[in-house]
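Since the structure comes first, as structure tokens, the remarks are kept for the end.
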Amino acid sequence: MTFTESDVREFFDQTLATYLAFWDSDGVLHTGYFTGKSDEDYRAASDRTSEIVAAEAGLDGSSSVLDVGCGCGNFLIGIARRVGCRGVGLDLSEERIKFAREKLAGHPGLDLRFDHGSATEMPYPDGEFSHVVSQDALCLVPDKPRSHAEIFRVLAPGGTFAFTDFLQPRPQVSERARRHVYDRVRWNGGYSFLGYQQALAEAGFEPVLARNVADHLAQTYRVLGKTAAQTAATTRDTAERNWMLAFSESCRNIQVAIDDGEFGWGIFVARKPA
């Protein structure tokens, strides 16, 4: 089955409340960068991911930032609070943009806004932003070359594109990986670690950094699977409890997929030529 943008939007609109119930009630819903296998502090690990991306991007108070696939807005709000940049968050999910806007209302001094829209047809002028960032979102875009072209277009000459994203290390994956990793989030498939770098070059970007960080992906799902099972044990709503238990089981299968080289994670930085 081939998923469309409508499928992706519908999935993330419908599942937000359940994810918030066990994953992170504040809306932090991306992969963590852990200190080791004994580290089970998901929130600190997810904050560390954001700090790494912001540092590699070179964000400061003069930056104009676009966060593509911004989700619930935590990454962009956190960056703006730390360095004082201005920015825009863009996401396909109306429910997540609503959440982000409500969260932003609690930070009236920040020069930010959140827009609902597609990464393949961005409502921004050419060269609008000094930086584009993203966390674990671009893999879900069905037309990836189109999204890369749009990111290249809205970046100013010399601008920086820094992001994390999920990888498909092998051209073919097992039925188990397809069911628990890809179809679960309406993901058609993605690039390998080297394939991603080639795709960025084809879009006109100059490579700056590429880091394979699959170990942190595995630890994220170990922690989330454990958390989901623990939360399910105290959840009264039958449908929510069953969803969490199914997610916990998927987390175990996801770890197998990572070990088998069917699912990966990378950090990338590229630059638009000046």
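The values are calculated or read from the model by the stated rules, or taken from the named source; none is laboratory data. Quick caveat, the model's predicted, so the values are computed rather than measured. Neighbour counts are summed over all protein chains in view; Cβ atoms, including those assigned to glycine, are modelled from backbone coordinates with ideal geometry.
Remarks
- Within segment 228-273, tally of residues that are assigned to a loop (DSSP other than H, G, I, E, B) and either at pLDDT 95 or above or of a type in the set (Phe, Trp, Tyr) (or both): 6
- Neighbours by Cβ (under 9 Å, 6+ apart or cross-chain): first from segment 143-157, without any contact (Cβ under 8 Å) to a residue 24 or more places away in the chain; second of a type in the set (Ser, Thr, Tyr) and not in a strand (DSSP E or B): 143/120
- Top-ranked residue in segment 3-21 [being at pLDDT below 95 and over 16 Å from the mean Cα position of the chain (by Cα); ranked as nearest to residue 102 (Cα to Cα)]: 17
- Filter result for residue 113 (closer than 20 Å to residue 162 by Cβ, among the basic types (Lys, Arg) and out of contact with any His (no Cβ under 6 Å at 6 or more places or on another chain)): no
- Any hit, segment 51-60, residues being crowded, with 24+ Cβ neighbours inside 10 Å, on the phi < 0 side of the Ramachandran plot and not aliphatic (A, V, I, L, M): no
- Which listed residue is among the small types (Gly, Ala, Ser) and surrounded by fewer than 21 Cβ atoms within 10 Å (Cβ to Cβ), from 177, 156, 162: 156
- Cβ-Cβ contacts under 8 Å between residues 6 or more apart (or on different chains), taken from a first residue in segment 62-73 that is over 20 Å from residue 156 (Cα atoms) to a second residue that is of a type in the set (S, T, N, Q) and not in a strand (DSSP E or B), are listed as 71/93.
- Residue count, segment 8-47 (criterion: among the charged types (D, E, K, R) and crowded, with 17+ Cβ neighbours inside 10 Å): 3
- The criterion of at least 3 residues that are closer than 20 Å to residue 30 by Cβ and not hydrophobic (A, V, I, L, M, F, W, C) is met by the following strands (runs of 3 or more DSSP E) wholly inside segment 64-178: 86-91, 129-135, 155-167.
- Taking the listed residues 178, 101, the one that is over 30 Å from residue 212 (Cβ atoms) and free of Cβ contacts under 8 Å to residues at least 40 places away in the same chain is 101, with no other qualifying.
- Check on residue 24, in contact with a helix residue (DSSP H, G or I) (Cβ under 7 Å, 6 or more places away or on another chain) and at pLDDT below 95: yes
- Note on segment 27-48: among residues that are in contact with a helix residue (DSSP H, G or I) (Cβ under 8 Å, 6 or more places away or on another chain) and assigned to a helix (DSSP H, G or I), the one that is nearest to residue 158 (Cα to Cα) is 47.
- Being without any contact (Cβ under 8 Å) to a residue 60 or more places away in the chain and polar (S, T, N, Q) is a property that residue 25 has.
- If the condition is being closer than 18 Å to residue 136 by Cβ, out of contact with any strand residue (DSSP E or B) (no Cβ under 7 Å at 6 or more places or on another chain) and not aliphatic (A, V, I, L, M), then segment 23-49 contributes 23, 24, 26, 27, 32, 33, 34, 42, 43, 46, 47, 48.
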